[in-house]
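Where a number appears in this text, it was derived from the coordinates with a stated rule and is not lab data. This structure is a prediction, so every number in the text was calculated from the model and none was measured. Every residue, glycine among them, receives a Cβ derived from its backbone with ideal geometry; neighbour counts consider all protein chains shown.
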Amino acid sequence: MSASTLMAPTVQPQALGKVAVLFGGSSAEREVSLMSGSGVLQALQSQGVRAFAFDPAERPLQELLAEGVDRCFIALHGRGGEDGTVQGALELLKIPYTGSGVMASSIAMDKVMTKRIWRFEGLPTPDWRLVDSAEACEQALVALGAPMIVKPAREGSSIGLTKVMDASQCAQAYAAAAQHDPEVLCEQFIEGEETTCPVLVVDGRAQALPVIRIQAPDGKYDYQNKYFTDEVRYLCPSGLEADEEAEIQRLVVRAFKTLGCRGWARADVMIRHSDRQPFLLEINTAPGMTGHSLVPMSAKATGLSYEQLCVQLLASASLDTLQR
Ligand SMILES: Nc1ncnc2c1ncn2[C@@H]1O[C@H](COP(=O)(O)OP(=O)(O)O)[C@@H](O)[C@H]1O
Ligand SMILES: [Mg+2]
């Protein structure tokens, strides 16, 4: 796959109109969004797009109308930005926006809802239990076996996530997750290699970008390691066997389509050591877009620059078909 197949031929930055880059917001991932949004803003401006910053935590979204905004680039992460709420507001304001619509955004924000749909469609995702107490968490451990991951159903950036090795850790792990979301997900731990793979819609076709393999110290890909240390290695090209890479790419495109995603997304996939079986963990519908983020890294491997990627995503901004 080359940049030419990923770049829609007709994109002219100047023709994209007045653009609000939405970033900041009030979720737990505000800091990450600030980094994503300022990168996107700068990139769009450098390409001649009339873009400006808009922080929904500071201004009501209705002001986008007074600003005469033609389209929005959503660089918000987490709840109240990635979860369908902002998307719904923009639908009502009739301002096209990047990425998935209301339904796919809100399903993808909820890891349990996402897993239910994937499981129903026969896509591999680790076994899980939805729990509402520390006791239920202990029962989940008996059912799923150790180690087990305990995490909030609707959070990101590894916030509130614990790897539980035995029952004595359940109470604390449950509390850590429940602090962020009353819906707590217990999930079978997949011992293996961590990968992530973006999907980009070009000319109406969902395409997987190159897979990125992630090597974190002790396999601990947590908030600190994700954003604040240099200890994680990101391999792109992934170094996986070609057929394994292709299998992951097919899987993430199916994962994307099954949820009805639009525009772009990035799915996390673990490859189990014992049998090389890939498992979908989650899909992010407004992935990180800092200069060091993973979607830009993967796009770059095909020859698509960060600036081109931003313009391309912006050009794909749309409204739900039913609204038009
Ligand atoms: N079931 C699992 N097996 C192995 N590792 C997991 C599992 N669930 C989460 N992890 C680890 O925790 C990280 C964050 O989990 P993830 O489900 O992607 O949520 P988020 O990125 O939204 O916080 C993953 O990238 C992976 O390193
Ligand atoms: Mg993740």
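Over the chain, Cα pairs under 8 Å with separation of 6+ residues give a relative contact order of 22 percent. Among the GluC sites (Glu not before Pro) within the range 125-200, those in coil by DSSP and having at most 12 neighbouring Cβ atoms inside 10 Å are Glu191. Calculation over all alpha carbon pairs of the range 3-98 in 5 angstrom steps from 0 returns a P(r) of 2, 14, 24, 24, 19, 12, 4, 1 percent.
Set Lys and Arg Cβ to +1 and Asp and Glu Cβ to -1, take the dipole of the chain about its Cα centre, and tell me which of Gln224, Thr285, Tyr234 lies farthest positive. Going by the Cα projections, it comes out as Thr285. Ranking Gly37, Ala51, Ser26 by Cα position along the charge dipole of the range 3-98, where only Lys, Arg, Asp and Glu carry charges on their C-beta atoms, puts Ala51 farthest toward the positive end. In a reduced charge model with +1 at each Lys and Arg Cβ and -1 at each Asp and Glu Cβ, the range 128-188 shows a dipole moment near 160 debye about its Cα centre.
Just want the ordering: Ser158, Ser168, Ser33, from fewest to most Cβ atoms lying within 10 Å of their own Cβ. Show your work: numbers first, answer last.
Working: Ser158 16, Ser168 9, Ser33 29.
Fewest-to-most ranking of Ser158, Ser168, Ser33: Ser168, Ser158, Ser33.
Please report the spacing between the Cα centers of the range 158-187 and the range 76-137 in Å, no decimals. Centre-to-centre distance over Cα atoms comes out at 19 Å. Within the listed set Val269, Val232, Val201, the Gaussian network model of the chain (springs between alpha-carbon atoms below 10 Å) gives the highest mean-square fluctuation for Val232. Report relative contact order for the range 3-98 in percent, whole number only (criteria: Cα-Cα under 8 Å, sequence separation at least 6). Relative contact order, the range 3-98: 35 percent.
In a simple Cβ point-charge model (Lys, Arg +1; Asp, Glu -1; nothing else charged), the chain has a dipole of about 920 debye relative to its Cα centre.
Using the Cβ of Gln62 as centre and a radius below 14 Å, the other residues enclosed give a net charge of -2, where K and R count +1 and D and E count -1. Distance distribution note for the chain: the fraction of Cα pairs above 35 angstrom is 18%.
Within the range 89-176, the proportion of Cα pairs with more than 23 Å between them is 36 percent.
Fewest-first ordering of Val32, Val11, Val102 by other beta carbons within 10 Å of each residue's beta carbon gives Val11, Val102, Val32. Look at the dipole of the chain built from charges on Cβ: of Pro124, Cys170, Leu313, the Cα furthest out on the positive end belongs to Leu313. Ordering Thr196, Thr125 by the number of other Cβ atoms within 10 Å of each residue's own Cβ, fewest first, gives Thr125, Thr196.
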